[in-house]
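Peer 1: Structure below; questions to follow.
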Amino acid sequence: MELDTQLNASDRSTRETISENFQKIQAAYNDFQNQIDAVSDRLDKLDAEKATHDDVEELRGEMYQIRDNWNDRASHIALGTDIETTKAVVEQILQEKGLI
């Protein structure tokens, strides 16, 4: 952006030159502001994706915990150390067979 710096207060074209300079400055400012807005929008989007990513990671951790709990419980049932569940399963089977 080149501004006309040859201004003469007694020149009739000075007003026009100042106006043209101002328009150039305004156009450059608008371009700069558009770039700032674009970067800001991108940062907002990245921040939103990060929050989503953090939420996914949190849910993934909960999923792993649930899976581990079920694996532990299944192991206890298979080993016969989860008496309550084993008893409930045996009773259900006996009811289905009509034995109780």
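Peer 1: Using alpha carbons only, how many degrees (0 to 90, rounded to 10) separate the axis of helix 14-79 from the longest principal axis of the chain?
Peer 2: Roughly 10 degrees, rounded to the nearest 10.
Peer 1: Just how much of residue 49 is accessible, in Å², when a 1.4 Å probe is used and the result is rounded to the nearest 10?
Peer 2: Approximately 90 Å² of residue 49 is accessible to the 1.4 Å probe.
Peer 1: On to the next question. As I understand it, the value is the acute angle between the Cα axis of helix 83-96 and the longest principal axis of the Cα atoms of the chain; what does it come to in degrees, rounded to 10?
Peer 2: 70
Peer 1: Please compute, over every Cα-Cα pair in the chain, the percentage with a separation greater than 22 angstrom.
Peer 2: 70
Peer 1: Leaving ligands, DNA and RNA out of it, work out the accessible area of residue 87 with a 1.4 Å probe and give it in Å² to the nearest 10.
Peer 2: Only protein atoms counted, so the area is about 110 Å².
Peer 1: Just to be sure I understand the curve: with the Debye formula and one point per C-alpha of segment 14-53, what is log10 I(q)/I(0) at q = 0.15, 0.18, 0.27, 0.34 Å⁻¹?
Peer 2: Values, matching the q order: -0.51, -0.59, -0.81, -0.96.
Peer 1: Something else now. For residue 87, go through the lysines and keep the ones whose alpha-carbon is under 21 Å away, minus same-chain ones fewer than eight residues off.
Peer 2: Hits, sequence-local ones excluded: 97.
Peer 1: Related question: Test of understanding: in a Gaussian network model of the chain with alpha carbons linked when under 10 Å, which of 88, 74, 38 would top the mean-square fluctuation ranking?
Peer 2: Judging by the Gaussian network model, the answer is 88.
Peer 1: A further question on this structure: With point charges of +1 on the Cβ of Lys and Arg and -1 on the Cβ of Asp and Glu, referenced to the Cα centre of the chain, which listed residue (89, 46, 23) lies farthest in the positive direction of the dipole?
Peer 2: Sorting the options by dipole projection puts first 89.
Peer 1: On the accessible surface of the chain, probed at 1.4 Å, how many percent belong to carbon and sulfur atoms?
Peer 2: The value for the chain is 54 percent carbon and sulfur by accessible area.
Peer 1: Please work out the average accessible area per residue across the chain, using the 1.4 Å probe convention, and give it in Å².
Peer 2: Averaged over the residues of the chain, the accessible area is 90 Å².
Peer 1: Note down the magnitude of the dipole of the chain about its Cα centre, charges +1 on Lys and Arg C-beta and -1 on Asp and Glu C-beta and zero elsewhere, to the nearest 20 debye.
Peer 2: It works out to roughly 220 debye.
Peer 1: Is it possible to state the helix-based mean residue ellipticity at 222 nm for the chain, with each DSSP H run of 4+ residues giving -39500 (n - 2.57), the sum divided by total residues, to the nearest 500 deg cm²/dmol? What is it?
Peer 2: -29500 deg cm²/dmol
The values are calculated or read from the model by the stated rules, or taken from the named source; none is laboratory data. The structure displayed is predicted, hence computed values, not measured ones. Don't worry about glycine lacking a Cβ; one is built from the backbone with ideal geometry, like all the others, and counts go over all protein chains shown. Surface accessibility is based on the protein's heavy atoms, side chains included, excluding ligands, DNA and RNA. Shrake-Rupley method; radii C 1.70, N 1.55, O 1.52, S 1.80 Å.
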